[in-house]
Amino acid sequence: MITTRMLKSGFKTAWSHKLRATFMIASVMIGIASLTVIISLGKGTQEEVLSRVKKFFSATTINVMSGRVRMQGTHAKMDPTTTLKLSDIEDIAARIKTIVSWDAGQVELDKSASFNGQNAIVSLHGHMPSAEAVWNLVITEGRFFTKAENDGTARVAVIAPDVRKELFGDSGPIGRQIGIEGVPFQVIGTIAPRGPDPHGMSQDDQIIIPLNTMLKRTVNLDYVIAAKFIVTDKHAVNSAAEQITQILRERHRINTDEGDDFTVITPQAVNDMIRRATRVFNLYLPMLSVVFLIIGALIVANLMLLSVSERMKEIGLRKAVGAKSKDIQLQFLIEASSITLFAGSVGFAAGALLLLPITKMIDVPYTISWSVMLFCLAASSFIGIAAGFIPARRAAVLQPVESLR
Amino acid sequence: MIEINDVSKSYKRDHAPEVKALDNVSLRIAKGEFAAVVGPSGSGKTTLMNIIGLLDVPDSGSYKLNGKETSELDIDELAELRNKQIGFVFQQFHLLPKTTAKENVELPLVYSDRTKITGLAEEALAMVGLRERMSHTPEELSGGQQQKVAIARALVNNPEIILADEPTGNLDSKSGEDIMEIFRDLNSNGRTIILITHDKKIASYANRTFVIVDGTITEEKR
């Protein structure tokens, strides 16, 4: 009962000093708004990258890349070697019992494809027949190639939407002969759009041909660039990844003091890499806005102190008519935190609005979460209480006779 | 009701000798009396008022309010006692600026443990004849009206004692008389009034007059 009366009275006096309240609100608002923007942008970027990557690295997959993969910012830098052979991959698949399916591939970028005078720059991918299932490819027309076609180095191709559009326009591609770097291939299927890969590159400019055909007839190589294994369940991932490493080191005759000439990527490792790469967004920038918040808190504390000395008479009067020390203390805490809580709400709203144009500009999904809002509100009321504490103490210990004079 | 025995109070200021504001003062005021404490400035009358009003505690001596010794109470117990038993009227009115008359009058109720408080402020304002001004702020009221609001505030919690420190000091003589009439009415309704003033004419409204000079008190016989 007494507390509700005091709450009402506290709110009233907090707002009766408009200019001071405005300054306090502004100082906290800026900090909270920047925190909102930064946390949401960080989360948005991370989620965007994670969701892109999740399509590639579902929980039961292990990817093996040839050479060492290093992270540079949010991008993986690859440095492929010529040592990863198809036989390595086949051996792994045969020896590890938890592997249920697998694919291996080779890639050549910027290859030319032609049909009937139409040309397209494509990325040429060689895959195993199992790639359709391993990569969740959606066949829109025709079919994927078979084991027999791969074994027999058949010149058959499955094309992605952009290639189809550039070479065939509206006409049907199935059964047509196209030229890839001058070599004739028969189109046997088309696949649905897949969007960008984890590096942000389009996958819709691909032509997929049997790996054997690619290695023996097109690029004349005997190694692959990457392989993907799918294991029985996610608990099998780590031990399978360890075994893959062992088998490859063994087969590549790598001494114990030498590093791997390949990279095994588990979903956990990918997550860790992304979190490390986005740390600047998710740790350092929020720290910067916490500094803003601390400055805001100092301003609030300062203005509240000023308010205490300005309002000696009011404090004395309140004490004379029966306010106890804790009542006065509570009043100043309520004043400070009601102002900062309001400022926090406004700051959050301002940040949420500001995010609209920013996310549009840098092409990141607009995400704003309840947890961010709750955090902002909690932070701003905490600031109020922390910043109001010393002024409130000072007001509370004033003697009524001293302050009434 | 008020029993003060041998109360002394000294103030020590920086770089100045100790000042003995009250020197073995004894004073008894019964329920329903209208008493004035008269003295020139620096005589210790404000110190006496602070002690009677429980705003300050004596260095030595005893003060019993309604038979209860107060010199042992801590500051929160004193605050509660002030809230329940004493209404203050100050020379400077001490109204909260930009706050309506009604809200000013309600201030003691904010700190009261009463459960039902609706209507009390209006009632108190009606007693001083300012009911229709209850939504005015101090800035919109004359000095006399402001002091009436302050009296309503002193009355709102229905205390037994009204303690008024130079209540007419900032008012013209006409408003001053109005205010003193209100005190006289309150007293005739049974309330104990203690008036602190330097003005003998104002003191003449009271039934008893104490004179304080250099920290010692004597009752003026009539």
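Within the stretch B:69-78, the set of residues being closer than 23 Å to B:V156 by Cβ and either at the interface with another protein chain (Cβ under 10 Å from one of its Cβ atoms) or surrounded by fewer than 16 Cβ atoms within 10 Å (Cβ to Cβ) (or both) comprises B:I75, B:D76, B:E77, B:L78. Condition check for A:R394 on (1) of a type in the set (K, R); (2) within 30 Å of B:K45 (Cα to Cα); (3) surrounded by fewer than 17 Cβ atoms within 10 Å (Cβ to Cβ): one failure, at (3). For the stretch B:187-208, residues that are over 15 Å from B:I52 (Cα atoms), touching a helix residue (DSSP H, G or I) at 6+ places or on another chain (Cβ under 7 Å) and surrounded by 21 or more Cβ atoms within 10 Å (Cβ to Cβ) total 1. A count restricted to the stretch A:148-163 and to residues that are of a type outside the set (S, T, N, Q), crowded, with 18+ Cβ neighbours inside 10 Å and within 13 Å of A:S130 (Cα to Cα) stands at 1.
Within the stretch A:164-195, restricting attention to residues that are within 17 Å of A:K111 (Cβ to Cβ) and among the acidic types (D, E), which residue is surrounded by the fewest Cβ atoms within 10 Å (Cβ to Cβ)? Ranking the qualifying residues of the stretch A:164-195, first place goes to A:E181. Output yes when any residue across the stretch A:20-27 is within 14 Å of chain B (Cβ to nearest Cβ) and either surrounded by fewer than 17 Cβ atoms within 10 Å (Cβ to Cβ) or modelled with pLDDT of 75 or more (or both), and no when none is. Yes, the stretch A:20-27 contains a residue that is within 14 Å of chain B (Cβ to nearest Cβ) and either surrounded by fewer than 17 Cβ atoms within 10 Å (Cβ to Cβ) or modelled with pLDDT of 75 or more (or both). What are the residues in the stretch B:142-176 that are within 14 Å of chain A (Cβ to nearest Cβ) and of a type in the set (A, V, I, L, M, F, W, C), if any? Residues satisfying the conditions are B:V149, B:A150, B:I151, B:A152, B:A154, B:L155, B:V156, B:I161, B:I162, B:L163, B:A164. Go through A:I385, A:I368 for me and flag whichever is modelled with pLDDT under 85, away from chain B (no Cβ under 14 Å) and within 45 Å of the chain's Cα centre (by Cα). Among A:I385, A:I368, only A:I368 is modelled with pLDDT under 85, away from chain B (no Cβ under 14 Å) and within 45 Å of the chain's Cα centre (by Cα). Would it be correct to say that B:G129 is on the phi > 0 side of the Ramachandran plot, outside any helix (DSSP H, G or I), away from chain A (no Cβ under 14 Å) and surrounded by fewer than 24 Cβ atoms within 10 Å (Cβ to Cβ)? Judged against the criteria, B:G129 is a match.
Mind telling me which of the residues B:E72, B:E103 ends up being of a type in the set (D, E, K, R) and part of a helix (DSSP H, G or I)? After applying the criteria, what remains is B:E103.
Taking the residues in the stretch A:114-151 that are of a type in the set (S, T, N, Q) and over 29 Å from the mean Cα position of the chain (by Cα) as candidates, determine which candidate is farthest from A:T60 (Cα to Cα). Working first, answer last.
Of the stretch A:114-151, the ones of a type in the set (S, T, N, Q) are A:114, A:116, A:118-119, A:123, A:130, A:136, A:140, A:146, A:150.
From the residues that got through so far, the ones that are over 29 Å from the mean Cα position of the chain (by Cα) too are A:114, A:116, A:118-119, A:130, A:140, A:146, A:150.
Numbers: A:S114: 38, A:N116: 43, A:Q118: 41, A:N119: 39, A:S130: 16, A:T140: 26, A:T146: 25, A:N150: 26 Å.
The qualifying residue farthest from A:T60 (Cα to Cα) is A:N116.
Per the conditions (1) in the same structural domain as A:A93 (by TED's automatic domain parsing); (2) part of a helix (DSSP H, G or I); (3) surrounded by 15 or more Cβ atoms within 10 Å (Cβ to Cβ), the sole criterion not satisfied by A:S289 is (1). Does A:S239 count as surrounded by fewer than 18 Cβ atoms within 10 Å (Cβ to Cβ), of a type in the set (S, T, N, Q) and assigned by TED's automatic domain parsing to the domain that holds A:I96? Answer is yes for this residue. Restricting the search to strands (runs of 3 or more DSSP E) fully inside the stretch B:1-52 and requiring at least 2 residues that are within 15 Å of the chain's Cα centre (by Cα) and touching a residue at least 24 places away in the same chain (Cβ under 8 Å) gives B:34-38. Among the residues of this structure, B:N50 does not count as one that is over 19 Å from B:E166 (Cβ atoms), facing chain A (nearest Cβ under 10 Å) and touching an Asp or Glu at 6+ places or on another chain (Cβ under 9 Å).
In the condition set (1) over 15 Å from B:A164 (Cβ atoms); (2) within 13 Å of another protein chain (Cβ to nearest Cβ); (3) free of Cβ contacts under 8 Å to residues at least 40 places away in the same chain; (4) of a type in the set (A, V, I, L, M), B:V105 is compliant with all but (3).
Filtering the stretch A:126-146 to residues that are aliphatic (A, V, I, L, M) and assigned to a loop (DSSP other than H, G, I, E, B) leaves A:M128, A:L137, A:V138. Here B:K45 fulfils each of the conditions (1) farther than 19 Å from A:S403 by Cβ; (2) in contact with a strand residue (DSSP E or B) (Cβ under 7 Å, 6 or more places away or on another chain); (3) within 7 Å of chain A (Cβ to nearest Cβ) apart from (3). Just one of the listed residues (A:L41, A:L50) is at pLDDT 75 or above, closer than 25 Å to A:L354 by Cβ, aliphatic (A, V, I, L, M) and surrounded by fewer than 20 Cβ atoms within 10 Å (Cβ to Cβ), and it is A:L50.
Conditions (1) facing chain A (nearest Cβ under 9 Å); (2) among the charged types (D, E, K, R); (3) under 28 Å from B:T197 (Cα atoms), marked per residue:
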| position | (1), (2), (3) |
| --- | --- |
| B:Y63 | no, no, yes |
| B:E80 | yes, yes, yes |
| B:N83 | yes, no, yes |
| B:I86 | yes, no, yes |
| B:V89 | no, no, yes |
| B:Q92 | yes, no, yes |
| B:S112 | yes, no, no |
| B:L120 | no, no, no |
| B:T137 | no, no, yes |
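If you check A:S337, A:S307 for being closer than 30 Å to B:E77 by Cβ, assigned to a helix (DSSP H, G or I), of a type in the set (G, A, S) and within 14 Å of chain B (Cβ to nearest Cβ), only one passes: A:S307.
Of the residues making up the stretch B:56-69, those that are part of a loop (DSSP other than H, G, I, E, B) and either among the polar types (S, T, N, Q) or at pLDDT below 90 (or both) number 4. Taken residue by residue, the stretch B:85-105 has at least one member that is surrounded by 18 or more Cβ atoms within 10 Å (Cβ to Cβ), more than 24 Å from A:E310 (Cα to Cα) and not β-branched (V, I, T). Scanning the stretch B:146-167 for residues that are among the β-branched types (V, I, T) and farther than 24 Å from B:G119 by Cα turns up nothing.
The values are calculated or read from the model by the stated rules, or taken from the named source; none is laboratory data. Computed from a predicted structure; not experimentally measured. Quick reminder, even Gly has a Cβ in these numbers, built from the backbone with ideal geometry, and neighbours come from all protein chains shown.
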